[in-house]
Amino acid sequence: MGEKMYGLYFEITSDFGHFRNPFTLSFFETFLAPPRTTILGFIGAAMGLDEKETIKLGNKLKAGVRILELKGFAREIVTTFNYKVRPPERTPIMREILVNPAYRIYLGSEDIDLLKLTIEALRKPKYPLYMGISEFLARVTKISKLQKFDEVMEKRFNCIVPINGGYKVRIEPDVGKRYFPPKICKTVYSYEITKRGRNPKKFINLLMFLGYDVELEKPIKAYKTEENEVICLL
């Protein structure tokens, strides 16, 4: 058996969501699921932490996610300001919106007291939780009990996976189920606070999908929950 850590999961949903891909400029594309930094933002908001304290959570908390439901996409026009010109000019931008997203968020840590505080914060958040942006309020619908996560080596996943090699997909027939094929997304793994504000410190590639099982070329470190779910924690 591998090393054990403590963990929990919670389920979160909203009518709409948007997790902006920062590498798209002329069109605001959304990731299918919240990246690690957004998940830490959920916890920071629930605990009432400021930005600097939220970033520090990443030193103690590991996070993972599985998409439970996603009914599709919508698009809307938003106005941004171009501050490179004087006076600043308004620019219309198309923004991609997730419709009825629902996720199971996994958190792992060696600090059991921190996880206990997290559970209490999710039950009674200090600040509202947003599904990416403030227009889309999120609802926590389920919080698991505190449990132990067993460390394992695994190749096959149906959660969001870090990717740096090849993979193949399997799909299980399920009448009426929606499928979103795997897509490699470059995301921010962590931020740092500088004199100019918050800046990306480290990036990571994630494989995001719904309705598929993904098998990697080589096994990677993962964790098994007490419900025998195998998940990736970053």
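The values are calculated or read from the model by the stated rules, or taken from the named source; none is laboratory data. Predicted model only: the values in this text are computed from it and were never measured. Please note: Cβ atoms are built from the backbone with ideal geometry, for glycine as well, and neighbour counts cover all protein chains shown.
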>> Show the residue pairs meeting these rules: Cβ distance below 8 Å; 6+ apart or different chains; first residue within the stretch 176-195 and more than 11 Å from Tyr212 (Cα to Cα); second residue among the aromatic types (Phe, Trp, Tyr).
In response: Lys183/Phe209; Cys185/Phe31; Lys186/Phe23; Lys186/Phe203; Thr187/Phe31; Thr187/Phe203; Val188/Phe203; Tyr189/Phe203
>> Go through (1) among the basic types (Lys, Arg); (2) in contact with a strand residue (DSSP E or B) (Cβ under 6 Å, 6 or more places away or on another chain); (3) over 24 Å from Tyr127 (Cβ atoms); (4) without any contact (Cβ under 8 Å) to a residue 60 or more places away in the chain for Arg86 and report which single condition fails.
In response: (2)
>> Just to be sure before I move on: is Lys142 at pLDDT 95 or above, over 20 Å from Glu215 (Cα atoms) and touching a helix residue (DSSP H, G or I) at 6+ places or on another chain (Cβ under 7 Å) in the structure I sent?
In response: no
> Can you pull out the residues in the stretch 174-198 that are within 19 Å of Thr38 (Cα to Cα) and either charged (D, E, K, R) or modelled with pLDDT of 90 or more (or both)?
Replying inline: Lys183, Ile184, Cys185, Lys186, Thr187, Val188, Tyr189, Ser190, Tyr191, Glu192, Arg198
> In the list Glu154, Glu89, Glu110, Glu120, which residue meets the criterion of being of a type in the set (D, E, K, R) and under 15 Å from Ile43 (Cβ atoms)?
Replying inline: Glu120
> Under 7 Å by Cβ, and 6 or more places apart or on different chains, what pairs join a residue from the stretch 9-29 that is more than 16 Å from Met208 (Cα to Cα) with one that is assigned to a loop (DSSP other than H, G, I, E, B) and of a type in the set (Ser, Thr, Tyr)?
Replying inline: Tyr9/Ser144; Phe10/Ser144
>> Every residue in the stretch 1-42 that is under 15 Å from Leu68 (Cβ atoms), of a type in the set (S, T, N, Q) and part of a loop (DSSP other than H, G, I, E, B), please.
In response: Ser14
> Within the stretch 44-161, which strands (runs of 3 or more DSSP E) (wholly inside it) include 2 or more residues that are within 22 Å of Pro200 (Cα to Cα)?
Replying inline: 62-69, 72-82
> Assuming Val230 fulfils every condition listed in (1) over 22 Å from Thr30 (Cβ atoms); (2) loosely packed, with under 13 Cβ neighbours inside 10 Å apart from one, which condition is it?
Replying inline: (2)
